[in-house]
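Following: one structure in structure tokens, then a few remarks.
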Amino acid sequence: MVEALPVFRRSLGDSWRSLVGWTAGVGGAIALYLPLYSSINGNGQMDQLIANMPPELVNTMGLQQISTGPGYVQSTFFGLIGVLLLTIAGTSWGSSAIGGAEESGRLELDLAHGVGRVQYSLESALSIVVRMLWLGGFAAALVIVLNVPSALELDPLNVVAASIALIGLALVSATVALAVGAITGRRVLATVAGAGVAVVGYALNAVALQSSDVQAVSSASPYAWAFQNDPLTGGMDGPGVALLAGVSLVAVAVATVALRRRDITG
Amino acid sequence: MIAAITTSELHKAFGSVTAVHSLDLSIERGTVFGLIGPNGAGKTTTLRMLLDIIHPTSGTIRVLGQDPRVGGPALRRRIGFVPGDLRLDGRIRGRSLLQHYADVSGPVAPGAIDALAERLDLDLGRPIHALSKGNRQKVGLVQAFMHKPELLVLDEPTSGLDPLVQREFLLMVREARANGQTVLLSSHVLSEIQQAADYVAVLSRGRIVAQGDVASLRLGSIRRLQVTLSGATAEEVRAALASSAHLRDLEVSGDTSVRVTATVQGDIDAVVKTIARYHISDLTVEEPDLEESVLNLYGEQGRTERSENNG
């Protein structure tokens, strides 16, 4: 029988071990950082430490608000370790889905079967989105669980908003990697592209934070789209998330068109 | 009746390199068609175009009556394909991988996968990455045969298989033909094509240099001969063999034990009777590699190009 979403189902089946690993990594990072909040901020030493740091560094790392619960969670997890982990996971998924499959010789056999290329590309993208929703959802749930015991005073709805921003940001790297893999058939180029988008976005955001004169450059930074309005305190940033989702959709469309037109050479 | 495969003026260029030159093929339904040629002759490129994995630069293709670019997944479900460079990997178990392809290209009759695996002596419970090259190749064969497709396109399907499994494979090909399925089989092993195919096309440097039924192509007429003998001097042996019209590249060396190598083209009887006069301590007669025989038999052009490359 021809059953629904075969590429999607196989992709999840092939990658559940890796997903368990990433979930453990995200869980470990949250469980390590969040409980430290009360002990670090208990006696005002943190504020003193930050006052003595170079302001450029404080701006880059977003440490101004670190003595509040939302500021602490933003600058440790959502804006830093979480971005790092989800971006690396997404980039590796995106680059292996088409570019990696072609290099490994698997794509040739897969596409010789009763699967269309549009279907292959879209189901691969769907698999990445679903895995990313799982990682981001898991992060949100764990942060909410630790909220009260760690005295973070977070609004759970804002935690969800920050997770959505994080998922959207990581998906930009993942889908860019998917598209470059589909265009070139090369895993390395796909990985460089996905990671490159993340690094450049982070750098542009950091530059923009240094002075209001250069703030405009943040409009080109996916990192800024996700976090410039601080969803952990301000809630869902609709336009920012829409921008992230839009870029990802365009990247998936590019991947699909590129795969459709190309020779698969393995 | 519509032919299973026709190509006309089929052309494929990768950048400035032309891999396939104005290829005209016609393969009747219910036959086994062999495509032979040395590595790099354009066999894999041709077969990939039939499956729409790569697109022709120009020319037309009809597979089961349809253009592969238009036929899409529905057409490919009617084809079983073994890629020339089959690389399978991953933790997925053989059975799950085959079930995935069955989901995509099925329906597969219940028990068909297990029956094929048993025939080929393949353990489906092991992860693909733990399988030997030969066993991965068996997985490749099972996924091509399991849904009994109308057309089988097999690119060097026996590479890495041991002789027993190769024999089983040839049986499977014959059964497929008896079943009304069409088989397009590429190989660089002559004997395989001779045993399995009804018709053959010889491909060299992207062009068909000969085609017809297997017997008419005299593909078996070239042999490499190596003999070690005693009871005569090298000069005597050379003199005895030199008169034979069927020998080329004759080399004779040694004194007490004389070593002879030569290429026999055509009738081998006279040569065997000549050397039978001496005491023979070792004798091998083997098929030349395909490149040699194809170029010798059909490729005057290929031959000159080859010597230019060597020079």
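The numbers here are math on the coordinates, done by the rules we state, and not lab data. These figures come from a predicted structure and were not determined experimentally. Glycine gets a Cβ as well: all are built from the backbone with ideal geometry, and neighbour counts include every protein chain shown.
Computed from the Cβ-Cβ distance with R0 of 41 Å, the FRET efficiency linking B:SER22 to B:SER253 stands at 0.35.
Placing +1 on each Lys and Arg Cβ and -1 on each Asp and Glu Cβ, with no other charges, gives the stretch A:6-261 a dipole about its Cα centre of roughly 880 debye. Near the amide H of B:LEU152, within less than 5 Å, lie the amide hydrogens of B:GLY80, B:THR182, B:VAL183, B:LEU184, all on another chain or at least 5 residues away, with H placed in the peptide plane. On C-alpha positions alone, give me the angle between the axis of helix A:117-147 and the longest principal axis of chain A, in degrees, nearest 10. Compared with the principal axis, the helix lies near 20 degrees.
Across the protein assembly as shown, counting alpha-carbon atoms alone, Rg and Dmax equal 32.3, 108 Å.
Give me the inter-chain shielding for B:101-108: mean count of other chain Cβ atoms within 10 Å, whole number please.
On the way: counts 8, 5, 12, 10, 6, 6, 2, 1.
Per residue, the number of nearby Cβ atoms from other chains is 6 on average.
The charge dipole of the protein assembly as shown, taken about its Cα centre with unit charges on the Cβ atoms of Lys, Arg (+1), Asp and Glu (-1) only, comes to about 740 debye. Remark: the stretch A:154-163, residue by residue, has Karplus-estimated 3J(HN,Hα) of 8, 7, x, 5, 5, 4, 4, 4, 5, 5 Hz, where x stands for each Gly or Pro and the curve is 6.51 cos²θ - 1.76 cosθ + 1.60 at θ = phi - 60°. Against the main long axis of the alpha-carbon atoms of chain B, helix B:163-178 sits at an angle near 60°.
Counting only GluC sites (Glu not before Pro) that sit in a DSSP loop (anything but H, G, I, E, B) with at most 15 other Cβ atoms within 10 Å, what is the longest stretch of chain A containing none of them? Show your work: numbers first, answer last.
Working: sites that count: A:GLU3, A:GLU153.
The reported range is A:4-152.
Hey, in the GNM for chain A with a 10 angstrom Cα cutoff, which one of A:ALA151, A:ALA170, A:ALA101 fluctuates hardest? Most flexible of the set in this elastic network: A:ALA151. Evaluating 6.51 cos²θ - 1.76 cosθ + 1.60 at θ = phi - 60° for every residue in the stretch B:226-243, the Karplus couplings come out as 10, 10, 10, 9, 9, x, 7, 8, 4, 5, 4, 5, 4, 5, 5, 8, 4, 6 Hz, glycine and proline recorded as x. Which one, B:GLY90, B:GLY206, B:GLY71, has the greatest fluctuation when you compute a Gaussian network model over chain B with C-alpha springs under 10 angstrom? Ranking B:GLY90, B:GLY206, B:GLY71 by mean-square fluctuation puts B:GLY90 first. Dipole of the stretch A:6-261 computed with +1 at Lys/Arg Cβ and -1 at Asp/Glu Cβ about the Cα centre; of A:GLY194, A:SER211, A:PRO239, farthest Cα towards the positive end is A:GLY194.
Using 0.36 nm per residue and subtracting the Cα-Cα separation, the extra length available between A:GLU153 and A:GLN48 on full extension is 35.6 nm.
Partner chain Cβ atoms within 10 Å, averaged over the residues of A:188-198 - can you pull that number for me?
Details: counts 0, 0, 0, 0, 0, 0, 0, 0, 0, 0, 0.
That works out to 0 on average.
Of interest is the spacing of the C-alpha centroids, which for the stretch A:194-217 and the stretch A:56-94 amounts to 14 Å.
Partner chain Cβ atoms within 10 Å, averaged over the residues of B:90-99 - can you pull that number for me?
Numbers: counts 6, 4, 3, 0, 0, 0, 3, 4, 0, 3.
Mean partner shielding for this stretch: 2.
What angle do you read, to the nearest 10 degrees and between 0 and 90, between the alpha-carbon axis of helix A:187-210 and the longest principal axis of chain A? That works out to roughly 30 degrees.
Take the Cβ-Cβ distance between A:ARG186 and B:ARG277 as r, set R0 to 60 Å, and report the resulting FRET efficiency rounded to the nearest 0.05. Calculated transfer efficiency: 0.40. Computed about its Cα centre, the charge dipole of the stretch B:115-274 is approximately 300 debye, with only Lys, Arg, Asp and Glu carrying charge at their Cβ. Projecting the Cα atoms of A:GLY100, A:ALA29, B:ALA215 onto the dipole axis of the protein assembly as shown, where Lys and Arg carry +1 and Asp and Glu carry -1 at the beta carbon, places B:ALA215 farthest toward the positive end. Here's the picture: charge each Lys and Arg Cβ at +1 and each Asp and Glu Cβ at -1 in chain B, and of B:SER105, B:SER191, B:ASN179 the one pushed furthest to the positive end of that dipole is B:SER105. Within a straight-line Cα-Cα reach of under 16 Å, B:LYS138 can be paired with the following aspartates and glutamates, leaving aside sequence neighbours fewer than 8 residues apart in one chain: B:ASP85, B:ASP89, B:ASP114, B:GLU118, B:ASP121, B:ASP123, B:ASP155, B:GLU156, B:ASP162, B:GLU168. Residues whose amide H falls under 5 Å from that of B:ARG207, counting only those 5 or more places apart or on a different chain, are B:HIS21, with hydrogens built in the peptide plane.
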